[in-house]
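The values are calculated or read from the model by the stated rules, or taken from the named source; none is laboratory data. Source: prediction; values computed, not measured. Heads up, the Cβs are rebuilt from the backbone with ideal geometry, glycines too, and the neighbour counts pull from every protein chain shown. Ligands, DNA and RNA are excluded from the accessible area calculation, which covers all protein heavy atoms including side chains. Shrake-Rupley method; radii C 1.70, N 1.55, O 1.52, S 1.80 Å.
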Amino acid sequence: MKAINEVKITLPSYSANEGFARVAAAGFFAQMDPTVEEIADIKTAVSEAVTNCIVHGYQDRIGMIHIHAQMFEGGLIKIKIKDKGCGIPDIKLAMEPMYTTCQTGERAGLGFAVMESFMDKVRVYSAVGRGTTVVLTKRILSRAENG
């Protein structure tokens, strides 16, 4: 399936860039005339994925985060968020609610659960020492379909 529009953004893993990433994704998908709730869903899921890159992928160093947002016919959107950080040794375990590798107690371990609650589909690909890619998929309904 060929995208009808797409954007790629690469940014360093500074905490301040999480807000930019979420607003950039929301701005890009605004052309599809989504509801306020759909925009909030996109912003929240992107925020969680980018935060995972910053906190877990790169931990105490700065690396690049690659975001590729695409829209397709029928209202389908796909957002790939990729880092080249430490990777996830056990994806299934990492996706369990309340699981976290954070040793400081500052993280609840709900990032993937939050992404899954706001997107139709979440896929995670990772290799230790090579990084992680999160693919978020959602169908944006037209205003007529939303009633």
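What number comes out for the charge environment of Lys8, summing +1 per Lys or Arg and -1 per Asp or Glu over other residues with Cβ under 12 Å away?
With Lys, Arg at +1 and Asp, Glu at -1, the net is +1.
For every other residue with a beta carbon closer than 9 angstrom to the beta carbon of His66, add +1 if it is Lys or Arg and -1 if Asp or Glu, then tell me the sum.
+3
What FRET efficiency, computed as 1/(1 + (r/R0)^6) with R0 = 22 Å and r the Cβ-Cβ distance, is obtained for Tyr125 and Thr10, rounded to the nearest 0.05?
0.75
Ranked from highest to lowest mean number of other Cβ atoms within 10 Å per residue, what is the order of the peptides 123-133, 65-75, 42-52?
Ranked by mean Cβ neighbours within 10 Å, highest first: 42-52, 65-75, 123-133.
Which aspartates and glutamates have a Cα less than 15 Å from the Cα of Lys2, not counting those fewer than 8 places away in the same chain?
List returned: Glu73.
Using Cα pairs under 8 angstrom and six or more residues apart, how large is the relative contact order of the chain, in percent?
27 percent.
Subtracting the Cα-Cα distance from 0.36 nm times the residue separation, let me have the gained length for Phe20 to Ile91 in nm, one decimal.
Result: 22.9 nm gained on full extension.
Take peptides 31-37, 83-89 and line them up by average Cβ neighbours within 10 Å, highest first, as a rough protection proxy.
Top to bottom by mean Cβ count within 10 Å: 83-89, 31-37.
Near Lys8, which lysines are there with a Cα under 26 Å away, not counting those fewer than 8 places off in the same chain?
Lys43, Lys78, Lys80, Lys82, Lys84, Lys121, Lys138
What is the gain in length, in nm to one decimal, between Val36 and Ser117 on full extension, counting 0.36 nm per residue of separation less the C-alpha to C-alpha distance?
Net length gain for the segment: 27.5 nm.
How much net charge surrounds Ser117 when only the other residues with a Cβ under 13 Å from the Cβ of Ser117 are counted, with Lys and Arg +1 and Asp and Glu -1?
Within the 13 Å Cβ shell, the charges total -3.
With a 1.4 Å probe and all protein chains left in place, how much accessible area per residue does the stretch 5-146 have, in Å²?
53 Å²
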